[in-house]
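Chemist: First the structure, which I've put down as structure tokens, then a few questions once you've had a look.
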Amino acid sequence: MSYYGPRSGGHNRSNGDRRPSGGRSNGGGGRWNNRFSSSNRGYDNRRNNNNYGGNYNNRQQQFNQHSAPRTRDPKQQESPFKPHVADDDEKVSSVQPLSPEQQDHRKKQKLLKVTAENWDSCTFEEKARSQFVMDHNAIFSMEGLTADEDTRYAKTLGEDWFAKKKEAARIAWEKVDERIIAVSEKEYGKPRASDDYEDFDSDDSSVGRHQGLFADLHDSIVDEAEGVKPFIDALPYCVYLDQGFHYNGVSTAGDEMCYCPCSKKLKNWRDNFGLTDNEKCDAKKKSPLGIMAHLRKLAEGERCFRHLGTLIYLEELYSNYWGNIKPGIGHKALYMQGEKNYAAAIQAERIEFNEAMSYLQRANRENQRILKEQQKKLEEAEELKAINEDLSKKQKELEEKLKKNNMKLGIATKRKEIKDFSKEEISDFRNHILDNINEKKRRIIKNGKEQEFKLSQDIDFQKLFDSWDENSKSDNDFGALFKDFTSEKGTYESANKVVRNWDVQFHSGTKKKIKQDTAIDDGGPSRLLYNAFFEQVGHMKIYFKVLNDTRYGTDGRMVSMKVEKGFKVCCLDYGEYGEGVVVENNIKDEDNQRTDNHMVKFENVESPMAVERNQITVTQVCVNLFNRSNSKVLVPALDSVFDFYHHRFLQHYSNVQLSDVYSKARQYYRAVGRFLAHVIFDDRNCTISSTVLPVLLQNLFLRGLETTSSLYKMEDLSGDLQQMDETFSLDNRENQTFGLNEIDNEMIEKYYPQKYAQGIITEDSDINKDNFREFADLYILRLRSIAIEGLDEGINLRRPALEKGTPTRNDPDIRIFPVIFSIIPSVLLNSLLFSCPKYDIEQIIGLLQQSRDEFELSIAQITFITDTLPTVLRRLANRNEAFPANFMLYVTGSAILPHIETNPDFKIMVGFQTSLTEQHLPQGHTCVNQINFPDNCYDPEGLGISETVLEEKLESAISIVRSAGFGLV
């Protein structure tokens, strides 16, 4: 748009207003100064030339006689358009004192003057407060102002917003400059040469000379244009000019945040930038449409070059405001209502508003989610705190109970601990174990070739055991875990497969990709396999197929099988779901009442879903092989458990016999034992989880130490028994769940006929020091004969017992480990072969050591190992209690930690790799217990950001391991 209409009136200026502030002469500098310099039209040159038609001041006085009087009341000079009328603010301020807040703001205003020179170093609030003349009644509200325009609008407009402002100001001045020249030529004619000014010297031959009244009229145009360029140049720094242009909300009144830069409200802005304060208007705050109408009115009707420059500036600045939504469409304030472009701008505004609302809704949902997560974490933290307090309380109770039991049993000796042994003794025992294990391994293995096993990264030992059990009669390599050692030849053939090292190869993807995606097993993949086994063996079950999950009851009515956790089911209406596993039975309703609904995880459904009992049919019944004590160790199931499930389910809904249940359970226990035997024989520094085999069973299977043996010290037996069953007490048999209700006289007479006959031990006897060993043997071992026999056969590679419950544990078969370990003290055997039950991040930090491959480290790398890495590890461990175990898994392939006192060579190596950059995750080399980082320590510029980046990288790496599978490094 162009606004080049005729001038409707002029504005007189006083002599004092002819020269702008800041020491510039005549006209405001820049192009305007140049245009009226001696090298162009010569207007200013003639004023300083004594030979130019007489003295300049005399000519000015002559011009002033034809103009309006220059001496006016200051109030009247504030507005050239109408007489000044005091507004309400001024009337109030004349009678009301300033409040403390207003006084403080005025003080801040006086102390700070924000100009172009210090603009970038000031805050937005400082910029805003330095420009606005505050009302006397109230401090101006900052609500709605944009604190960071460059950041906010750069994304929308795709460029530097402040640079665009300055470019708009440049274009605005060019157009105003052209308008000034056009008005001058239109109203006063082009300058002509005259003989009256022969002394006028100019290099521009096209510039004419004015004479007489024309010269004064030219001076009037010069007077109007003085200071316009600095005024336009300062518009990008005017905070309150266009704030309303960026408002997009429900209320149309919300965009009334625009002030005319010539208004009295922005006097401070004009003063800060050294602008002549002789153009004032009474414009109040306006909307974008209102400010544009105001500018058009004064630019055209009053011919004000400042308002014209501001108008063009805003038109240029917002000419493509909606370009990212509708190219070429500017702000709605640039158009007249009813125009096509106005409608397009309104439509773009609505689109952005809807997108903004959608974003706010998403952000609100995300905030709600974060708040819920934080609340959940707080609740979990409180629950964890309560659990820890409860565990601490229970631990103290157990210690007191153990102390009380020991006193009744006459036990006064304290158990031996690792610290009671010297380093030389520990070293001798460790060497004894290694030498004998290797010798036994050489005698069993017929060839040195490793056994190859290809497995998916998504390890499910329940499925693996089920498939190995089904294929145990074939030549399947893992089938050796399940095969019966029915002959000496078969025993050694299968033992050969169990004892020698396994070359575990994890793969991902299709079979075509197995070769390229396979990891070489130098210990890391095997430890990963063992770790998965230790984590999952406690949930191991044996399954039996169900022929029909309904039957006729004694009353002739149809009865459906009761559904329990772990049972396998199928959905009657949706066969495509596949077979599912019940993860929670009889879920509760809103009133916390048990229902006949069950939570089932189907094979082909991503998440568990709730189903009614009449929607599913039971396909397989399961029996758990282990329970977990409060000490976190696995306790084998009682024989009576298998009897119960057969009586309750299998005899009514399948054709499975009780002997079949015993046989399958023994096979699975035997497979678990053989797996543990393989880990012991593995010569690649592998450790067994302390939770898999309680100390009492370690003594039985590995040392051949019976509970009834006098070599089993009473103080050790009492503590080991409590580890398996923390409810063990000598107080009153009727008030404790020691399981003695299952020990009857028939069982006692079978195993201990002499003591039974003597009345030392009967089903009614109190537990004392005379019968304690026998009761321990009956409860822990005899009541679990299926599990004990199966585990013993597996660990010691023995042939099976002839019948259930036959005491064959001391048969001189090939019982491998008691021969080796019988001389090793129990506490040392546990610490040499089994993991540390508990460890924290400080223990892991103590294991960090510079890689042997690193010959010389930089100062930054040394600082990284000794300071940065430990700091980040502590921070992550404080945030997530599972982090230490996950870090161990990432670096070593196993989440368990060996006892450091008896395994002093165990270290975690820290290295640096030139091929890694700050974009890479840390690389864990599980075969050698090493983690590698980039040479630059995630800080290539030396900015001290290693900790922040390392924290993110470690979290990402560990989350990938746990969620997407191991990295196969």
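The values are calculated or read from the model by the stated rules, or taken from the named source; none is laboratory data. Note that the structure is a prediction, hence the values are computed from the model and not measured. Cβ atoms come from the backbone with ideal geometry, glycine included; neighbour counts cover every protein chain shown. Surface accessibility is based on the protein's heavy atoms, side chains included, excluding ligands, DNA and RNA. Shrake-Rupley method; radii C 1.70, N 1.55, O 1.52, S 1.80 Å.
Chemist: Could you list which residues have their amide H under 5 Å from that of Phe506, counting only those 5 or more apart in sequence or on another chain, with H placed in the peptide plane?
Modeler: Counting only residues 5 or more places away or on other chains, the set is Leu455, Ala519.
Chemist: In addition: Could you give me the ³J(HN,Hα) list for segment 372-384, computed from phi with Karplus coefficients 6.51, -1.76, 1.60 and θ = phi - 60°, whole Hz, x at Gly and Pro?
Modeler: For segment 372-384, the Karplus curve yields 5, 4, 5, 5, 5, 5, 5, 5, 5, 4, 5, 5, 5 Hz.
Chemist: Let me make sure I get this right: for segment 381-465, a, b and c are the square roots of the gyration tensor eigenvalues over alpha carbons, sorted descending. Under 1.5 in a/c it's rounded, otherwise prolate if a/b > b/c, else oblate. Which is it? Present the calculation step by step, with values, prior to reporting the outcome.
Modeler: On the way: a/c = 2.96, a/b = 1.39, b/c = 2.13.
Oblate.
Chemist: Please report the base-10 log of the normalised intensity I(q)/I(0) for segment 287-339, using a Debye sum with one equal scatterer per alpha carbon and no solvent, at each q in 0.29 (1/Å).
Modeler: Computed log10 I(q)/I(0) values: -1.10.
Chemist: Then there's this: How long is the gain from Val559 to Gln395 if the chain were fully straight, where each residue apart is worth 0.36 nm and the alpha carbon distance is subtracted? Walk me through the intermediate numbers first.
Modeler: On the way: separation 164, 0.36 × 164 = 59.04 nm, distance 4.53 nm.
The span from Val559 to Gln395 would gain 54.5 nm if fully extended.
Chemist: Let me ask another. Between Glu763 and Leu711, what is the label-point separation in nm under the 7 Å Cα-to-beta-carbon projection?
Modeler: Here the modelled spin labels are 3.5 nm apart.
Chemist: Rolling a 1.4 angstrom probe over the protein heavy atoms, how many square angstrom per residue are accessible across segment 307-382?
Modeler: 61 Å²
Chemist: Under the 0.36 nm per residue contour assumption, what length would be gained going from the current alpha-carbon distance of Asn436 and Glu901 to full extension? Can you show the working numbers first?
Modeler: On the way: separation 465, 0.36 × 465 = 167.40 nm, distance 2.14 nm.
Here the answer is 165.3 nm.
Chemist: May I ask you to derive the FRET efficiency for Glu379 and Lys454 from their Cβ-Cβ distance with R0 = 56 Å, giving the value to the nearest 0.05?
Modeler: With R0 = 56 Å, the Cβ-Cβ based efficiency is 0.80.
Chemist: Further, regarding this structure: Figure the gain on full extension for Lys588 and Glu355 (residue separation times 0.36 nm, minus the Cα-Cα span) and round it to one decimal in nm. All intermediate terms of the calculation are to be shown ahead of the outcome.
Modeler: On the way: separation 233, 0.36 × 233 = 83.88 nm, distance 4.12 nm.
Full extension from Lys588 to Glu355 adds 79.8 nm.
Chemist: Excluding Glu380 itself, what net charge comes from residues whose Cβ is under 11 Å from its Cβ, given Lys and Arg +1 and Asp and Glu -1? Before the final figure, lay out the partial values.
Modeler: Details: positive: Lys376, Lys377, Lys385; negative: Glu373, Glu379, Glu382, Glu383, Glu881.
Surrounding charge for Glu380 is -2.
Chemist: Okay, moving on. Suppose R0 equals 45 Å. What FRET efficiency, 1/(1 + (r/R0)^6) with r the Cβ-Cβ distance, do Glu174 and Glu941 give to the nearest 0.05?
Modeler: 0.60
Chemist: Mind checking the per residue accessible area of segment 391-470 for me, 1.4 Å probe, whole number of Å²?
Modeler: Per-residue value: 71 Å².
Chemist: Using the Karplus curve 6.51 cos²θ - 1.76 cosθ + 1.60 with θ = phi - 60°, work out ³J(HN,Hα) for each residue of segment 645-651 in order, rounded to whole Hz, and write x for Gly and Pro.
Modeler: Once rounded to whole Hz, the list reads 5, 5, 5, 6, 10, 5, 6.
Chemist: Please sort by residue number the trypsin sites (Lys or Arg not before Pro) in segment 576-661 whose DSSP state is loop and whose Cβ has at most 13 other Cβ atoms within 10 Å.
Modeler: Sites meeting the loop and neighbour criteria: Lys632.
Chemist: So what's the net charge close to Leu833: Lys and Arg +1, Asp and Glu -1, counting the other residues with Cβ under 12 Å from its Cβ?
Modeler: +1
Chemist: Under 5 Å between amide H atoms, partner at least 5 residues away or on a different chain: which partners does Gln850 have, H built in plane at 1.01 Å?
Modeler: Long-range HN contacts for Gln850: Val910.
Chemist: Which whole-Hz couplings ³J(HN,Hα) result when phi for each residue of segment 866-872 is put into the Karplus expression 6.51 cos²θ - 1.76 cosθ + 1.60, θ = phi - 60°, listed in order with x for Gly and Pro?
Modeler: The phi angles translate into 8, 10, 4, 4, x, 4, 5 Hz.
Chemist: Right, another one. Label Phe162 and Glu187 with points 7 Å out from Cα along Cα→Cβ: what is the distance between them in nm?
Modeler: 3.7 nm
Chemist: Treat each spin label as a single point 7 Å out from the Cα along the C-beta direction, and report the Asp744 to Lys285 distance in nm.
Modeler: Roughly 9.2 nm, to one decimal.
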